Amino acid sequence: MATVEDSAHLPHDAHGKPGGWARWVYATNHKDIGTLYLWFAFAMFISGGVMALAIRAELFMPGLQFWQPELFNQLTTLHGLVMVFGAIMPAFTGLANWMLPLMIGAPDMAFARMNNWSFWLLPPAALLLMLSFWVPGGAAAAGWTLYAPLSTQGGMGMDLTIFAIHILGVSSVMGAINIVVTVLNLRAPGMGLMQMPMFAWASLITAYLIIAVMPVLAGVVTMVLTDRHFGTHFFNAAGGGDPVMYQHIFWFFGHPEVYIMALPAFGIVSQVIPTFARKPLFGYASMVYATASIAILSFMVWAHHMFTTGMPATAQLFFMYATMLIAVPTGVKVFNWVATMWEGSMTFETPMLFAIGFVMLFTIGGLSGVILSVAAVDVQLQDSYYVVAHFHYVLVAGALFSLFAAVYYWFPKMTGKMYSEGLGKLHFWWSLLWFNVTFFPMHFLGLAGMPRRIPDYALQFTDFNAISSVGAMMFGLGQLIFFYNMVRSIRHGKEAPQLPWEGANTLEWKIPTPAPYHSFVEAPELKAGDNGVILSMQGGEHH
Amino acid sequence: MASRTDNRILLRKFLLIALLMFGFAWALVPLYRVICEVTGINQLVKAGDAPEENPVAGVPVTLDFDATVQPGLPWQVVPLVRRVEGRTGEFIRVDYEITNRSDRRVIGQAVPRYLPAAAGPHVQKLDCFCFKEQAFEPGETRRFPVVFVVDKALPSEIGRITLAYSVFSLPGREP
Ligand code: HEM
Ligand SMILES: [Cu+2]
């Protein structure tokens with residue numbers, strides 16, 4: 001049968017849960033590790049959010065009110081790093097940990113002990129990032145992209161950041177290998193690759209991307225490190241190096257990275273929308289192929305971040321058209337989601353609201369992306385607030401909203417309780433409103449020429465910045481609703497029924513709620529249709 | 001079905017891929033260089049446009065230096081050379097000596113003038129004390145360099161340029 005190393009087979013773990021702190025420190029159970037990941041990601045989301053509010057407070061009006069420019073730059077840098085590597089990526093890995101084995105009929109993740117390592121590397125890395133605010137010279141201030149030559153200068157905060165990135169890289173590569181091996185080797189009989197839920201497909205392809213590009217990031221920051229301390233000149237023009245080289249290598253990682261934060265979101269909404277539209281996912285096979293082609297294309301577009309570095313026109317044209325090409329498979333996906341809803345008998349519980357919000361707002365972000373891909377236009381908009389608006393539409397309304405959808409959707413399965421639907425809806429409408437208030441005006445600011453990553457600005461930008469700052473404070477406040485809802489519902493929520501969503505028909509809903517601590521210790525025999533829909537299930541044992 | 005060894009084999013394969021990708025990041029450095037060389041993308045200077053043999057083969061131009069002080073102000077401004085025979089395209093440096101002859105701390109700002117005025121746009125100053133305000137202690141004397149190039153677009157009918165500075169006090173700014 002399918003094998004999980006060091007977990008279900010170890011006698012101490014085979015019956016029930018170990019108690020107290022040991023359960024978490026020595027965790028090898030995929031559900032425990034998933035829970036750890038999710039709480040860690042939430043803590044990072046709050047930390048990064050506090051930095052964002054500090055940034056918006058400074059930008060509420062022109063002039064310097066709260067922070068010196070040095071600290072302001074540290075805040076923007078750490079906000080980006082913490083959100084990308086501390087919040088979004090671990091949250092997706094946590095969800096994959098929790099749900100993948102349940103969705104494909106595996107007893108656990110393939111390497112349970114490595115899984116423990118993948119998680120427990122995260123807190124020290126986060127600690128390094130946070131501590132770097134208090135070292136001489138402060139935290140890294142070169143932007144989350146850590147461009148040379150800014151990153152080859154600067155104080156020891158940069159060294160701590162580089163070290164943290166190494167640790168985070170090792171963690172996410174190990175997590176990704178675990179996902180790939182689990183999906184490839186541990187599927188229950190009858191769950192073929194082309195029957196897998198989209199979330200499993202998305203996690204699989206994302207894991208491939210992580211394995212391919214996180215080492216490249218580790219490599220390029222290592223070059224920065226050797227430039228700083230060991231006398232190399234990779235990025236130092238005076239020594240025969242080339243600072244633009246840094247950007248090429250970074251974005252070879254960086255663009256696939258943005259899809260590492262987008263593909264799992266695609267997977268989540270591809271589960272949520274069919275459930276609440278009570279219709280099968282439209283165009284399952286095309287969804288799989290679209291996801292794969294997005295992943296492959298994402299390796300060929302990196303220089304759209306570099307249109308103003310003096311590339312020759314032929315290179316600009318190549319990267320411009322290649323970037324526009326990505327909009328095609330992305331468009332296929334948006335079409336399929338809408339077609340899934342078409343004539344469905346829809347209900348609008350919180351997960352569905354977040355999923356629909358995702359489709360609408362992510363599409364706006366995709367459109368501004370296509371605008372930015374036009375090299376001639378991008379020369380104007382590069383490094384302006386327009387870019388900030390673009391990537392917050394795809395990352396906040398995209399990745400983050402999909403994560404909220406996922407947490408609400410699987411909350412009953414994870415905890416055995418129902419969350420408060422009223423608070424969930426309030427959380428959605430509140431977030432939707434203030435998200436747009438925060439980020440939509442940034443399009444106008446960018447078009448009017450306001451550069452990003454500045455602590456002070458010209459007077460004509462005042463109004464939109466004030467609006468945006470108010471929006472951000474309110475958006476941040478709204479996340480407390482989410483926190484309260486989660487904590488209160490875990491403690492005092494109503495007992496969840498076995499099948500809280502009428503239209504849910506993937507494997508995780510065929511087992512008891514809450515999911516037993518050891519699920520599928522014996523693999524079930526499945527008959528599965530598209531998108532992981534279970535037609536029949538025999539056997540499968542839990543305890 | 002997959003066994004424990006299957007998992008291990010896959011684990012090793014992916015660890016190897018991760019290591020290879022780490023190496024690939026380093027390989028990108030020479031790779032980009034080769035690609036740029038082959039395609040000529042990063043060649044900022046092409047074979048044809050070698051630098052001129054003699055970058056200063058401009059036309060002769062005579063430069064006079066002068067300075068005036070508004071009546072009643074405590075400044076003394078003296079160019080250390082009065083005249084330079086230069087060429088267009090050549091770096092020229094002259095020094096000015098400025099003294100505060102009062103017993104107060106004063107802040108001054110020098111403003112350049114050109115004669116004929118049409119020569120003004122062609123005098124490209126790289127360094128000049130007129131770029132910013134200068135503070136002087138009582139009785140202090142300081143020397144400042146002025147570095148400039150007269151560019152080659154100078155109209156041919158101008159053979160002689162006078163560069164004159166006026167120094168003003170900035171009264172509101174005095175401590
Ligand atoms: C149709 C799809 C997309 C297109 C055509 C597109 C295009 C672009 C372009 C051309 C830029 C460079 C703008 C500049 O710096 O001047 C950019 C920046 C960015 N995009 Fe996208 N994008 C797309 C989707 C996404 C997605 C799905 C994400 C993430 C989930 C994303 C995240 C980002 C980020 C983070 C940046 C800014 C990076 C930085 O400079 O810090 N984009 N995008
Ligand atoms: Cu990109």
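The values are calculated or read from the model by the stated rules, or taken from the named source; none is laboratory data. Small disclaimer: the values here were computed from a predicted structure and weren't measured. Glycine also receives a Cβ, built like all others from the backbone with ideal geometry; neighbour counts cover every protein chain displayed. The accessibility values were calculated without ligands, DNA or RNA, using every heavy atom of the protein model including side chains. Shrake-Rupley method; radii C 1.70, N 1.55, O 1.52, S 1.80 Å.
Would you mind estimating how fast chain A diffuses translationally, via Stokes-Einstein at 37 °C and 0.692 mPa s with the Kirkwood radius over Cα pairs, in µm²/s?
Rounded to a whole number, D works out at 138 µm²/s.
Counting helices only, and only those DSSP H runs with n ≥ 4, report the 222 nm mean residue ellipticity of chain B as the sum of -39,500 (n - 2.57) divided by its residues, in deg cm²/dmol to the nearest 500.
-7500 deg cm²/dmol
Only sites in a loop by DSSP and with at most 11 other Cβ atoms within 10 Å count here; which chymotrypsin sites (Phe, Trp or Tyr not before Pro) in region A:160-257 make the cut?
Numbers: sites: A:163, A:199, A:201, A:208, A:230, A:234, A:235, A:246, A:250, A:251, A:252, A:253; in loops: A:230, A:234, A:235.
Counting only loop positions with at most 11 other Cβ atoms within 10 Å, the chymotrypsin sites (Phe, Trp or Tyr not before Pro) in region A:160-257 are A:230.
Leaving ligands, DNA and RNA out of it, work out the accessible area of residue A:203 with a 1.4 Å probe and give it in Å² to the nearest 10.
We get 10 Å² for residue A:203.
Please list, in chain and number order, the residues 5+ apart from residue A:109 or on another chain whose amide H is under 5 Å from its amide H, with Hs placed from the backbone.
Distant-sequence amide H within range of residue A:109: A:30.
Describe numerically, in nm with one decimal, the distance between label points set 7 Å from Cα along Cα→Cβ at residue A:317 and at residue A:127.
For the pair residue A:317/residue A:127, the computed spacing is 5.5 nm.
To the nearest 20 Debye, how big is the dipole of region A:27-538 about its Cα centre, given +1 on the beta carbon of each Lys and Arg and -1 on that of each Asp and Glu?
Taking the Cα centre of region A:27-538 as origin, the dipole is about 740 debye.
Please list, by residue number, everything in region A:111-137 whose backbone N is under 17 Å from a paramagnetic label point 7 Å out along Cα→Cβ of residue A:26.
Flagged as within label range: A:112-117, A:120.
Once A and B are treated as a pair rather than alone, how much accessible area drops out, both sides summed, in Å² to 100, probe 1.4 Å?
On the way: alone 20520 and 11930 Å², together 29830 Å².
Counting protein atoms only, the buried area is about 2600 Å².
Measure nothing fancy, just the Cα-based angle from helix A:263-277's long axis to the longest principal axis of chain A, in degrees from 0 to 90, nearest 10.
50
In terms of solvent-accessible area of protein heavy atoms at a 1.4 angstrom probe, what is the ranking of B:128, B:36, highest value first?
Ranked list, largest accessible area first: B:36, B:128.
What's the average, rounded to a whole number, of partner chain beta-carbon atoms within 10 Å of each residue's beta-carbon in B:13-19?
On the way: counts 3, 10, 4, 0, 6, 12, 2.
Mean number of neighbouring Cβ atoms from other chains: 5.
What 222 nm value per residue comes from the helices of chain A, counting each DSSP H run with n ≥ 4 as -39,500 (n - 2.57) and dividing by all residues, nearest 500 deg cm²/dmol? Can you show the working numbers first?
Numbers: 18 runs with 336 residues, N = 543.
Only helices count here, giving -21000 deg cm²/dmol.
Sorted by accessible area with a 1.4 angstrom probe, largest first, how do A:31, A:417 fall? It would help to have the intermediate numbers written out before the result.
Details: A:31 5, A:417 35 Å².
Ranked from most to least accessible, the order is A:417, A:31.
Using a 1.4 Å probe, what is the accessible area per residue for region A:261-335, in Å²?
Using a 1.4 Å probe on heavy atoms only, each residue of region A:261-335 averages 35 Å².
By how many degrees, between 0 and 90 and to the nearest 10, does the Cα long axis of helix B:4-39 differ from the longest principal axis of chain B?
40
Quick check on packing: order A:423-430, B:119-126 by the mean number of other C-beta atoms within 10 Å, highest mean leading. Mind dumping the intermediate values first?
Working: A:423-430: 18.9, B:119-126: 14.5.
Output ranking for A:423-430, B:119-126: A:423-430, B:119-126.
Hey, quick one: spin label on residue B:33, modelled 7 Å out along Cα-Cβ, who in region A:233-260 has an amide N within reach, i.e. under 17 Å?
A:233-249
Angle, helix A:284-297 long axis vs. longest principal axis of chain A, Cα atoms, 0 to 90°, nearest 10?
30
Keeping all protein chains in the complex and leaving out DNA, RNA and ligands, what accessible area do you get for residue A:421 with a 1.4 Å probe, in Å² to the nearest 10?
Here the residue's solvent-accessible area equals roughly 50 Å².
What is the average number of partner chain Cβ atoms found within 10 Å of a Cβ in A:182-188? Intermediate results must be reported in sequence, preceding the final value.
Values: counts 3, 0, 4, 8, 4, 2, 1.
The mean count of partner-chain Cβ atoms within 10 Å per residue comes to 3.
Of A:31/B:13; A:17/A:527; A:31/A:527, which sit over 28 Å apart, Cα to Cα?
Working: A:31/B:13 26 Å; A:17/A:527 31 Å; A:31/A:527 25 Å.
Check vs 28 Å cut-off fails for A:17/A:527.
Sequence neighbours fewer than 8 away in the same chain don't count; with that in mind, list the lysines whose C-alpha is under 23 Å from residue A:333.
Counting by Cα, and skipping residues close in sequence, residue A:333 has these lysines nearby: A:279.
To the nearest 10 Å², what's residue A:56's accessible area with a 1.4 Å probe?
Approximately 20 Å² of residue A:56 is accessible to the 1.4 Å probe.
Where a ≥ b ≥ c are the square roots of the eigenvalues of the C-alpha gyration tensor, would you call chain B rounded, which needs a/c under 1.5, or, failing that, prolate if a/b is larger than b/c, or oblate?
Numbers: a/c = 5.40, a/b = 2.12, b/c = 2.55.
Oblate, since a/c reaches 1.5 and b/c is not below a/b.
Taking all protein chains in place and a 1.4 Å probe, what share, in percent, of the accessible surface of the protein assembly as shown do carbon and sulfur account for?
67
Please report how far the C-alpha centroid of region A:353-413 lies from that of region A:195-236, rounded to the nearest whole angstrom.
The two parts, judged by their Cα centres, are 22 Å apart.
Taking Cα centroids, how far is region A:292-352 from region B:103-175 in Å?
Cα centroid of region A:292-352 versus Cα centroid of region B:103-175: 57 Å apart.
Where in region B:20-34 does accessible area fall by at least 10 Å² between the isolated chain and the complete protein assembly, at a 1.4 Å probe radius?
Buried by 10 Å² or more upon assembly, which counts only protein chains, are B:21, B:22, B:24, B:25, B:26, B:28, B:29, B:32, B:33.
How many angstrom lie between the Cα centre of region A:238-265 and the Cα centre of region A:451-465?
Region A:238-265 and region A:451-465 have Cα centres separated by 27 Å.
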